[in-house]
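Asker: Mind having a look at this structure? Questions to follow.
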Amino acid sequence: MKRFNQRLLRMNADQAGITGLETAIILIAFVVVASVFAYTVLSAGVFSSEKGKEAIHSGIEQARATMTVGGGIVLKDTGVPTGSTAQDNQVDQIVLTVANALDGEAIDLTNTVNSDNDGTLSDETGETHTTIISYIDKNQRVDDVAWTVTEVGKGDGDLLLEAGEKMQIAVNVSKLATPVGTDVTFTIEIKPDRGSALVIERTTPGVVDDIMYLN
C-alpha cells in the first residue's frame, strides 16, 4: 500500500510537470503574439505620423507660396480706333501689383512673349511661363491670357517673386471676343506653379476712362 501511494504521488508529480511546461509554452506564445501585434501597431502609428507630417509640411509649403495683391487694381483704355484721337471706351489692360503673401517660397513669374499678339499664350511655341492667368466674365472665359510682368521697387532683377519683392502684372484683355466695357463684373485668376490661386473680382465703372483705379 505504501508503494502504491508513492507511485501515485510520482504520477501526480509528473502530471504537474507536464502542466507547468504547457502553461509556459502557452505563456510564451501569448508574449510573442502580443509583441508582434504591438510592433505592428507601433509601426502603423509611426507610418501614419510620418504621413501626417508630410501632409502638414506640404500644406505649409503650399501656403508659403501664395501671392497677395498690394494696393488697388488699375484699368487702362489704351486703344485708339483708326482715324480717331479718342479712346475706344473699352478696357485693354488690367494692372495689379502682387507680393509674396507669407514671405516664403519664391513664385516663378517668368513670362512668355505673345509674339502673334492674339491675346493668349497657349498657342506660343516654346512657352517659358509656369504661372497661368485666366480671365472670366459672364460672356467668356479665357485661360492662359497674355500678360507681362515688371519688377517694381526693391528686387534682385530676376522674375522670381521672393520675400520683400513686388511685381506688377499687366493682363492684356484687348483681344477678347467680347470687349470689356462698362459695368462688367470680371474675375482674374492667377495660378502659380506652386501654392493656391490668387482670385480677384472687380466691376468696371459706368464710364471707361483712360486710367481707372479700383479698390
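Asker: Restricting to segment 153-177, name every residue that is over 18 Å from Thr187 (Cβ atoms) and of a type in the set (A, V, I, L, M).
Answerer: Residues satisfying the conditions are Leu159, Leu160, Leu161, Ala163, Met167.
Asker: Condition (residue is of a type in the set (Asp, Glu), under 20 Å from the mean Cα position of the chain (by Cα) and modelled with pLDDT under 95) applied to segment 188-198: is it met by at least one residue? Before the answer, list the steps.
Answerer: Within segment 188-198, the first condition is being of a type in the set (Asp, Glu), and the residues that meet it are 189, 193.
Subset that is under 20 Å from the mean Cα position of the chain (by Cα): 189, 193.
With the extra rule that they be modelled with pLDDT under 95, the set shrinks to 193.
Within segment 188-198, one or more residues are of a type in the set (Asp, Glu), under 20 Å from the mean Cα position of the chain (by Cα) and modelled with pLDDT under 95.
Asker: Sticking with this structure for a sec: Scanning segment 155-177 for residues that are of a type outside the set (Asp, Glu) and surrounded by fewer than 13 Cβ atoms within 10 Å (Cβ to Cβ), which turns out nearest to Thr128 (Cα to Cα)? Steps first, answer last, please.
Answerer: So the first thing to find is which residues in segment 155-177 are of a type outside the set (Asp, Glu), and the list is 155, 157, 159-161, 163-164, 166-177.
Those left that are additionally surrounded by fewer than 13 Cβ atoms within 10 Å (Cβ to Cβ): 157, 163-164, 177.
Numbers: Gly157: 17, Ala163: 22, Gly164: 24, Ala177: 25 Å.
By that ranking, first place goes to Gly157.
Asker: So, Ser174, is that one in contact with a helix residue (DSSP H, G or I) (Cβ under 9 Å, 6 or more places away or on another chain) and among the small types (Gly, Ala, Ser) or not?
Answerer: no
Asker: Within segment 91-116, can you find the residues that are assigned to a loop (DSSP other than H, G, I, E, B), touching a Leu at 6+ places or on another chain (Cβ under 7 Å) and either under 12 Å from Lys166 (Cα atoms) or aromatic (Phe, Trp, Tyr) (or both)?
Answerer: Listed by number, the residues that qualify are Ala106, Leu109.
Asker: Which of the residues spanning segment 117-141 are under 18 Å from Pro179 (Cα atoms) and either assigned to a loop (DSSP other than H, G, I, E, B) or among the aliphatic types (A, V, I, L, M) (or both)?
Answerer: From segment 117-141, those under 18 Å from Pro179 (Cα atoms) are 117-120, 133-141; that's our starting set.
If the condition is that a residue be under 18 Å from Pro179 (Cα atoms) and either assigned to a loop (DSSP other than H, G, I, E, B) or among the aliphatic types (A, V, I, L, M) (or both), then Asn117, Asp118, Gly119, Ile133, Ile136, Lys138, Asn139 are the ones that fit.
Asker: Still on this model: Give the residues of segment 118-129 that are under 21 Å from the mean Cα position of the chain (by Cα) and either modelled with pLDDT of 95 or more or buried (at least 19 other Cβ atoms within 10 Å of the Cβ) (or both), sorted by residue number.
Answerer: Answer for segment 118-129, where residues must be under 21 Å from the mean Cα position of the chain (by Cα) and either modelled with pLDDT of 95 or more or buried (at least 19 other Cβ atoms within 10 Å of the Cβ) (or both): just His129.
The values are calculated or read from the model by the stated rules, or taken from the named source; none is laboratory data. Since we're looking at a predicted model, the values are computed, not measured. Glycine gets a Cβ as well: all are built from the backbone with ideal geometry, and neighbour counts include every protein chain shown.
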